[in-house]
1. Take the residues in segment A:178-197 that are within 13 Å of chain B (Cβ to nearest Cβ) and away from ligand 1 (no atom under 16 Å from the Cβ); name whichever of them is surrounded by the most Cβ atoms within 10 Å (Cβ to Cβ).
2. For residue A:40, state whether it is touching a residue at least 12 places away in the same chain (Cβ under 8 Å), more than 14 Å from every other protein chain (Cβ to nearest Cβ) and within 10 Å of ligand 1 (Cβ to nearest atom).
3. Report yes if residue B:142 is more than 14 Å from chain A (Cβ to nearest Cβ), under 30 Å from residue B:98 (Cβ atoms) and out of contact with any helix residue (DSSP H, G or I) (no Cβ under 7 Å at 6 or more places or on another chain), otherwise no.
4. Which residue pairs have Cβ atoms under 6 Å apart, sit 6 or more places apart or on different chains, and have a first residue in segment B:287-309 that is away from every other protein chain (no Cβ under 14 Å) and a second that is modelled with pLDDT under 85 and buried (at least 16 other Cβ atoms within 10 Å of the Cβ)?
5. Going by the structure shown, is residue A:145 under 18 Å from residue A:186 (Cα atoms), surrounded by fewer than 20 Cβ atoms within 10 Å (Cβ to Cβ) and within 26 Å of the chain's Cα centre (by Cα)?
6. For segment A:94-186, list the helices (runs of 4 or more DSSP H) that sit wholly inside it and hold at least 2 residues that are touching a residue at least 12 places away in the same chain (Cβ under 8 Å), within 16 Å of ligand 2 (Cβ to nearest atom) and touching a helix residue (DSSP H, G or I) at 6+ places or on another chain (Cβ under 8 Å); which are they?
7. Given (1) in contact (Cβ under 8 Å) with a residue 40 or more places away in the chain; (2) more than 16 Å from ligand 1 (Cβ to nearest atom), identify the lone condition not met by residue A:272.
8. When you look at residue B:160, is it more than 23 Å from residue B:124 (Cβ to Cβ) and away from chain A (no Cβ under 12 Å), yes or no?
Ligand SMILES: Nc1ncnc2c1ncn2[C@@H]1O[C@H](COP(=O)(O)OP(=O)(O)O)[C@@H](O)[C@H]1O
Ligand SMILES: [Mg+2]
C-alpha cells in the first residue's frame, strides 16, 4: 500500500494480447513497472517490443477487437485503472494522463484548426468558456514555440516539427500528472529532433510532470531520463537509474544494445549487432525470452522466466545469471508473473 | 471564394453549349420524320414541306443549332411543341419541378439513411446489424429500379393498400417513388460511408481524440465523420446525376407527370423542341450539382479552402 501511494504509476504483471488471423500475439507478457512522481523514465526497446501497447494499456485505449488486457493491474495514483468506468477513464485521459503519439504527420485531425484541437482538450477537462479555451490554446502555442496567431491554421500548413509542437501543446494543455511520449522524435529530421527534445526538457521542468519517454534510441533517453527500463518481447529485462544503467549494463540484451551503438572514436568497419531476431510474439519461447539470442544462455534459461533481482540498490535485472548473486525479488507481483510464464 | 464561384458559373456555358450541340447532332442523324409523325400518314407532300419549312427542318444542322441558341439566349424562347403547340418553356416549367422534387427527395433520403447505416456498420463492424445491412445493400445495388418499383407497388399499394400506386401530389404518393429511386444510391452511399469510416476510425488522429478523453459520440461524429465525408461527397454528387436518369424510369412506373416522361414521350414523337429543352435543363442541373459538390468539398476540406483563397 505504501509503495502505491508513493508511486504515481504502478503496473503489475500486465499482459496484453491481440487476436489476429495468424494467432494470438502476446504483445505484453508479464510486465512490471513503476514510476515515482516527477520521475522521467525512458522505456527502451526494439520495434515490436510492446512499448506502444504498454502506453495504450496505461491510457486504457487498447483497440478491442483485436486487443485485450488479459491480466495484471495498472495502478494510477493508487487506483486501479482497470476497475474504472468508461466515464472515469475519460476524465483521466487527457486530464491526468496525456499521450504524445509517434507520428506528428498523422496524429492531428486534418479538418480542424490547431487551436480548436488544443481548445478541445481544455474544454473537456476545465470549466472554461469557449473564448477562454481558445485564448489558453493560443497561450499553449506560444509555450511550445509557435506564434499564437497561427492558431486558426490547419495542420497541413505546418511542418513536421511544428506539428509535433502542436501535439505537445495538446498533451500539456491540462497540466497532466503523467505524460507518455511514444517515440516523439522518431519521425522527425535529426536537427528537428534535437529541438523537440530541448523543448521537452524545458517543459518537463516547467510542468514537473512525471514522464514515460518511449524510444528505441538510448542516446535520446540519456538526454532526458532519470531512469531507464529496457523492454524486450513484452517484458522488462532491466531497470535502473540512468547513470547506473549506462555505466554498468547487466543484462546481456542491454549490453548488446550498447555494443550496437556505433562508436565514432574507434575505426570500425562493421556494426556490432545482436545476432538473431526478436521472438515471434505469437510463439514466445519458454523461459527467458532472450535466451535464443543470448551468448550466455544455459539450460536453466529455458526453464521459467528469470525473476527480477536487485543487482544493486535501484538496479534491477531479470537474468538467471543474477539469481545466484542473491538480492531479493521485487515483490509478490513477480512471483505471480512467473506462474504465468 | 467569389472568384472561384464566378469561374465555375462561367464554366457552365461551354458545358451547356457542348451538350446541346451533341444532342442536335444526334437528332440530326436519328431516323424518323417529325413532319410525318405530327401530320399523320395521310398528309400531302405539300403540307409536309410546309411543316419542315416552318420549323427550319429543311435547313443545315449548324443553322438550326444557331437559331436554337439565339432564340434561347436572346428571347428565352425554346420554341413550341410540335404536338401540343404549347411553348416548351411552359411545358418544362410544369414538369421540371416534379422531377427535381423526385430526385432531390431521393438523394436526401439516400444520403441521410446511407450515412446513418454506414456509420453504424463501421462502428459495429462484423456485428449482425452490419452483416444484414451489407446483404441488403448488395441487393439494393443489384435490383433493377423498375423491378423494385413494381414489387413495392404490389406489396404496399395492391396488397396492403397503404399508399396509392401513382401520382406525385401528396406525401403518401411520393413515398414509394422516393424509396424506389433512392434504393441503389442509398446502398452505394451506405457501403462508401462504411468503408470510409472504417479507414478513418483506425487513424491516428481519432486515437488522439480518444486520448484527450473525448466521448465516443463526438469522436465518431466530429473527428471521424468530417474526414470520412470527403470521399462520400463525391459519391453523393455522382449518384445525384444517376438519379436524374433513374427519375425517367421511376416516373414511368408510378405514372408521375415529370420531365422524364415528357422527354421520353417527346423522343418517341420526334418532338424536337421538347427534347432539346429537357436535355438543356438536365445538363444545367448536372452542372449546378457539380458546383454544389465542389462547394461542399471546400466546406469540409480545409486544404481546398486554403487553396481557393
Ligand atoms: N492492433 C494490433 N493488432 C495486432 N497486433 C498488434 C497490434 N498492435 C500491435 N500489435 C503487435 O504487438 C506487438 C507489439 O507492438 P507495439 O506495442 O506496437 O510495439 P512497439 O511500440 O514496441 O514497436 C507487435 O508484434 C505488433 O505486431
Ligand atoms: Mg511503437
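The values are calculated or read from the model by the stated rules, or taken from the named source; none is laboratory data. Treat the numbers as computed from the prediction; the structure is a model and nothing was measured. Cβ sites come from the backbone with ideal geometry, for glycine too, and all protein chains shown count toward neighbours.
1. A:179
2. It is false that residue A:40 is touching a residue at least 12 places away in the same chain (Cβ under 8 Å), more than 14 Å from every other protein chain (Cβ to nearest Cβ) and within 10 Å of ligand 1 (Cβ to nearest atom).
3. Here the answer is yes, as residue B:142 does meet what is asked.
4. B:287/B:12
5. The answer is no for residue A:145.
6. Once the helices (runs of 4 or more DSSP H) in segment A:94-186 are filtered for at least 2 residues that are touching a residue at least 12 places away in the same chain (Cβ under 8 Å), within 16 Å of ligand 2 (Cβ to nearest atom) and touching a helix residue (DSSP H, G or I) at 6+ places or on another chain (Cβ under 8 Å), what remains is A:104-107, A:160-172.
7. (1)
8. yes
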